[in-house]
Structures are given as structure tokens and as C-alpha cells.
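The values are calculated or read from the model by the stated rules, or taken from the named source; none is laboratory data. Bear in mind the structure is a predicted one, so any value in this text is a computation, not a measurement. Virtual Cβ from ideal backbone geometry, glycine too; neighbours counted across all protein chains shown. Heads up: the accessible areas ignore ligands, DNA and RNA and are worked out on the full protein's heavy atoms, side chains in. Shrake-Rupley method; radii C 1.70, N 1.55, O 1.52, S 1.80 Å.
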Amino acid sequence: MIFSDKSLSQKLERTEARANAAFVEARARLEPASGADWIDIDGTYAMFDSVESPITQTFGLGLFGEMTAAEFDALEAFFTNRNAPVFHEVSPLAGDGLMSPLYERGYRPIELTNVMFQELDSASPQAENPLITTRVSVTGEEELWARTSALGWSTESEGLEEFMFGFGKISAGCDGGFPFLAELDGTPVSTGMLFIFDDVALLAGASTVPEGRRNGAQSALLHARLKFAFENGCTIATMGAHPGSQSQRNAEKNGFRVAYTRTKWGGDFRF
């Protein structure tokens with residue numbers, strides 16, 4: 001049995017960091033003028049995608065080594081030199097010693113995420129709805145995947161659909177990423193991303209178009225991605241969910257458990 005400890009946290013945080021770094025590299029490749037870039041400072045990955053992007057942040061702060069003032073300075077300079085605020089995703093397994101320097105440097109906690117995982121020791125069962133089929137989208141279908149994903153966000157807020165369409169086109173072209181589609185009677189209705197690095201699989205990017213909901217598409221995609229991950233040598237699957245959310249409940253129904261609750265810290269040092 002795998003227990004929630006620092007070693008597990010290092011694995012899960014590093015996997016999410018590598019997925020975000022792959023996204024930044026895809027952005028830089030497809031949109032060179034964006035200035036997208038990332039660095040590794042003593043195990044902390046710092047990513048810049050754009051000033052507004054949720055990718056622009058760090059992962060692994062203090063988890064792979066004690067943070068020094070010089071390392072904090074270097075990380076903050078990476079963002080402020082690009083006129084971006086500074087955000088750190090911090091695992092509680094990094095230890096209590098990070099709290100004081102974060103407060104002293106002007107950061108405040110702004111968000112919580114339950115980091116969830118399950119051990120993979122067999123292929124996941126098939127989906128329940130026989131009308132739903134799943135597959136990995138192929139080269140040339142990046143816009144199809146991105147548009148399907150974006151339509152799932154169309155009811156959330158004005159302008160979000162187009163933002164997510166651009167975001168999705170980058171996601172679908174990431175190294176290490178597998179963009180999954182669920183189709184209802186041959187029509188794409190749902191998307192989900194899978195990233196594989198070493199023996200860890202990261203599930204992300206879940207979205208279903210409004211008219212395709214309540215057909216079991218997301219359940220089918222979850223099982224398809226877990227099956228694919230297991231068949232490709234993964235021993236652990238991970239995902240993030242807002243504490244107490246429907247996403248967390250769905251994950252728990254399908255064998256995931258909470259490894260720890262991560263805190264996002266933010267500070268704006270541009271002015």
C-alpha cells in the first residue's frame with residue numbers, strides 16, 4: 001500500500017510540474033512571440049505562459065530542498081521580469097518551515113486543492129453506456145479536441161469559451177500528453193487530458209458539451225485513461241479537485257483518495 005508521505009508528494013508534484021512545463025514548451029514552439037518559458041531552481045519548477053494564464057506559477061516549492069532567500073529572489077525575479085504576479089503551489093509535505101518566509105515576503109494563501117491518487121494494479125473496467133466510445137485524438141485533430149473542450153466551458157462565463165479554445169489547442173500538442181475524446185453515436189461530446197511521465201499518470205482537462213451531459217461520457221473517459229495508463233506502465237494515477245466538490249466525489253467513487261491538501265500562495269511584486 002502506498003502512503004501519503006513526502007516521497008509520494010515529490011512524485012505527484014513533479015508529475016504536475018512536468019505536465020505544465022510541457023505545456024509551456026508547446027506554447028513556445030507554436031507561439032514563439034508569447035515569451036513562454038520555464039526554469040528549474042533547486043527542484044522548484046517556475047513556469048511563465050502569459051500574465052493571465054493559470055499555468056504561470058511554480059510547483060514543488062521547498063519540496064526538494066530547503067528554500068534560501070537567494071532562491072526566493074531568483075524565482076520572484078523570473079516572474080517580475082515578465083511583469084507577472086507570483087504564485088506558488090505548496091505541498092504540506094514541504095514542511096511548516098515555509099510558512100514564515102512566505103508570509104514575511106508578502107504572500108497570502110488564496111486557494112486549496114485536494115491532490116488525489118490511486119494505485120493502478122489492473123486495467124479499469126469498461127464504460128456503462130454502449131453508445132459512448134473513447135479514443136485518443138490523432139495528429140490533425142487538435143482544433144476538434146480544443147473546440148469540444150471549449151464548448152464544455154461555454155456556460156461558465158462570457159469569453160471563457162474562446163480562452164479555453166486557445167488553451168486547448170496548446171494542450172492537445174503537448175509532449176507527454178494524450179488528448180482523449182468521448183463520442184456519443186460518433187459525435188465528440190467530451191474531452192479529457194492524460195499526461196504520463198515515468199510511472200505516474202496525471203488526469204486533467206475534463207469537459208463535456210452541454211447537450212452531451214448525463215450520458216456517462218466523463219465516466220467513460222476516466223476509465224479509458226486509467227486503462228491506458230496501466231497498459232503503458234503507470235503504477236499511480238493522480239488528479240486535483242477542489243475540496244468537497246463534485247469532482248472530488250466522482251474521483252472517490254472511482255477509487256481515488258486524498259493524498260494531501262495543497263495551498264496556493266500568491267503575491268504581486270510588480271508595483
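The table that follows gives values for the structure above.
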item: CD proxy at 222 nm, helix term only [per DSSP H run n ≥ 4: -39500 (n - 2.57); per residue of the chain; nearest 500]; result: -10000 deg cm²/dmol
item: 1.4 Å probe accessible area per residue over segment 172-250, in Å²; result: 39 Å²
item: Accessible area per residue, Å², segment 87-128 with all protein chains present, probe 1.4 Å; result: 55 Å²
item: Percent accessible area from carbon and sulfur atoms, the chain, protein chains only, probe 1.4 Å; result: 52 percent
item: C-alpha long axis of helix 6-30 to longest principal axis of the chain, angle in °; result: 80 degrees
item: Debye, to nearest 20: dipole size of the chain, +1 on Lys, Arg Cβ, -1 on Asp, Glu Cβ; result: 500 debye
item: Thr187 versus Ser7: modelled label distance in nm, points set 7 Å from Cα along the beta carbon direction; result: 5.0 nm
item: Cα-based reach from Lys6 at 23 Å (exclusive), listing lysines while leaving out same-chain residues under 8 positions away; result: Lys264
item: Positive-end extreme of charge dipole, segment 1-78 - chosen from Gln57, Asn20, Ala36 (charges on Cβ); result: Asn20
item: Angle between the chain longest axis and helix 217-231 axis [Cα atoms, degrees, rounded to 10]; result: 70 degrees
